[in-house]
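Working notes, beginning with the structure itself.
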Amino acid sequence: MASAYANPLKSDTPGPSAPGRLAQWLQSPSAEVWGKFLLALVGLGLAFAAALFSTVSRDAGNVWATVILASTSLLLATLVGLVTVPYLARRIAVERLRESFDYDVTRSGIVYVLVTLVIGIAALNTGNNLLYIIVAAMLAAILVSGVVSAWVLRWLELDVRLPEHLFAGRAVHGRIVLRNPRRFLPSFSIRVVSTRKKRKKAVKQWQWEATTFAFPFNRPSDQQWLRLPDRRLRRVTVLPPPPGIFQGMAYFPFIPPQAEVAADLALKFDQRGRYREDSFGLATRFPFAFLTKTRHVSLPREVLVYPRIEAAEQIADILPRVRGEWESFVRGRGADLYRIREYMHEDSARHVDWKATAKSGSLKVREFAREDERKVCIAFDNPEPALISERAYEKAVDLTASLAWHFSKQEAEVSYVVPGRPRTRDLHEFLAWLAVIEPGTRGPAASGAGNSASSGDALRDMGLGTTDDYNIVITARSRAGLPAALSNSSCFVPVGDQIPSRRVAP
């Protein structure tokens, strides 16, 4: 697994030279921040100088110079406030968000604070110096706990490595890597946790959104002579976040200085689709477990979970029928005997089976399975939302993925197609399409055909009858809705609440 992913914490290539580092720094966001900061200093310095000279002009009795210099000072200060201050404030807010800490008081911390409070009250009532010393030591322990826990968490580098291919219902292992870049200070008792808020229902929230202030109000946009960027406060519905990747916890008891430690991460996804994690948390209770301090680490990770791949035993009622009809379609000249049948006038005499002819009293010929044209196309006829239930739809997607996985291991040329997508021979690309497909959706049009060329019939748009491939079509259509033109070159696998085991005839 580690070979499939690059480690961003290590690099075998030598570092760039000094001019190269300078060029990289000039293109980095830090250079832009420093440029804005220096621009703000220059602007404020000019504004301050203009204000001083306006004061001197006022004392000298020069009214016009005073007005011009004071106006210039005010204009420069306003420009600095509008251009540089909001940008720097946003950058500071982002940096603080990246290094933000959450504090959760533990049960032992609550007990410790209550005991400290009781001893403090007793010290005030009795005036005993020993009690004052005890209270001071206990308060110092709280302060030391906060400072040391922050030191333990700060500057740690986190990396989460995930497998490239994931399937629903199958347990896999990822890897969490923590690196301590500090030269002398180790870290103790670090836990990697998920910071995702567990919210399952949509909620109403007030949010600022960008808008445009226009005047006059009731005129078209091309007739409004004043248009300025503005913001307004609206109450919007916030949907629950998509499911996250990381639900458990990884514990690292000790991380030495300038060392890297790793832990396996057990992953299992019950449903297909996209899973995303925007940030992770580094939590610790070190040194006294008075509180749990969590540092948020911005580390976006996204995985695509393929549909379930059922074993051959679980689709045993479909595979024999599909394979039998496929072999019947590709019968012809080859090395594998397919069947012995009656002689027809277009058959060659060299294929006559004389033993079978002597036994039956009529001419018999051998028919062979054709090896050079074993081509099959797996097609998913994406049904409309109201055609089948959600459970039946997920079973249809899983069945399509299972058939594609099974036939990809056969000695044949296998292609895959879904509505609105170009035909592909890449199995993982097809599984990625099935991972995010929804009922009735149509993806981007196939290459070389625009959306206007779509006929509205998914089976016709997929071009199943234009090749010599044998088509295995997973469909939820009724028997009357199946095209008769594909009956000789296709096997229709019906899906619904129950998948029958017999072929659907056109």
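Details
- Condition met for S57 (assigned to a helix (DSSP H, G or I), modelled with pLDDT of 75 or more, out of contact with any strand residue (DSSP E or B) (no Cβ under 9 Å at 6 or more places or on another chain) and loosely packed, with under 13 Cβ neighbours inside 10 Å): no
- None of S447, S455 is in contact with a helix residue (DSSP H, G or I) (Cβ under 7 Å, 6 or more places away or on another chain), at pLDDT below 80 and assigned to a loop (DSSP other than H, G, I, E, B) except S455.
- Conditions (1) at pLDDT below 70; (2) under 19 Å from S187 (Cβ atoms); (3) among the aromatic types (F, W, Y); number of the one not met by F280: (1)
- Within region 154-188, the residues that satisfy the criterion of being open to solvent by 30 Å² or more (accessible area, probe 1.4 Å) and over 19 Å from Q271 (Cα atoms) are R154, W155, E157, R161, R175, R179, P181, R183, F184, L185, P186, F188.
- Within region 121-135, being under 18 Å from I110 (Cα atoms) and open to solvent by 60 Å² or more (accessible area, probe 1.4 Å) holds for I121, I134.
- Screening I255 on (1) closer than 30 Å to A150 by Cβ; (2) of a type outside the set (S, T, N, Q); (3) modelled with pLDDT under 85; (4) open to solvent by less than 20 Å² (accessible area, probe 1.4 Å) shows it passes everything except condition (3).
- Qualifying positions in region 339-370 - assigned to a loop (DSSP other than H, G, I, E, B), open to solvent by less than 80 Å² (accessible area, probe 1.4 Å), at pLDDT 65 or above and of a type outside the set (A, V, I, L, M): D347, S348, D353, G361, S362
- Flag if A379 is touching a strand residue (DSSP E or B) at 6+ places or on another chain (Cβ under 6 Å) and either at pLDDT 85 or above or of a type in the set (D, E, K, R) (or both): yes
- Only residues that are assigned to a helix (DSSP H, G or I) and either open to solvent by 50 Å² or more (accessible area, probe 1.4 Å) or under 13 Å from A435 (Cβ atoms) (or both) were counted across region 391-410, and they come to 9.
- Candidate set from region 275-285 (those that are surrounded by fewer than 19 Cβ atoms within 10 Å (Cβ to Cβ) and touching a Leu at 6+ places or on another chain (Cβ under 9 Å)); member that is nearest to W155 (Cα to Cα): S279
- Residues of region 101-120 satisfying the condition of being hydroxyl-bearing (S, T, Y) and surrounded by 15 or more Cβ atoms within 10 Å (Cβ to Cβ): Y112, T116
- Matching option when the condition is farther than 23 Å from F280 by Cβ, in contact with a Phe, Trp or Tyr (Cβ under 8 Å, 6 or more places away or on another chain) and at pLDDT 90 or above, among F167, F215: F167
- Condition check for I142: surrounded by 12 or more Cβ atoms within 10 Å (Cβ to Cβ) and under 21 Å from T284 (Cβ atoms): yes
- Residue list for region 296-338, restricted to those being open to solvent by 30 Å² or more (accessible area, probe 1.4 Å), in a strand (DSSP E or B), in contact with a Ser or Thr (Cβ under 9 Å, 6 or more places away or on another chain) and modelled with pLDDT of 70 or more: H296, S298, P300
- Filtered residues of region 411-420 (kept if open to solvent by 10 Å² or more (accessible area, probe 1.4 Å) and either small (G, A, S) or closer than 13 Å to A435 by Cβ (or both)): A412, G420
The values are calculated or read from the model by the stated rules, or taken from the named source; none is laboratory data. Since the structure is predicted, the reported quantities are computational estimates derived from the model, not experimental observations. Using ideal geometry, Cβ is built from the backbone for each residue, glycine included, and neighbour counts are taken over all protein chains shown. All accessible areas refer to the heavy atoms of the entire protein, side chains included, with ligands and DNA or RNA removed. Shrake-Rupley method; radii C 1.70, N 1.55, O 1.52, S 1.80 Å.
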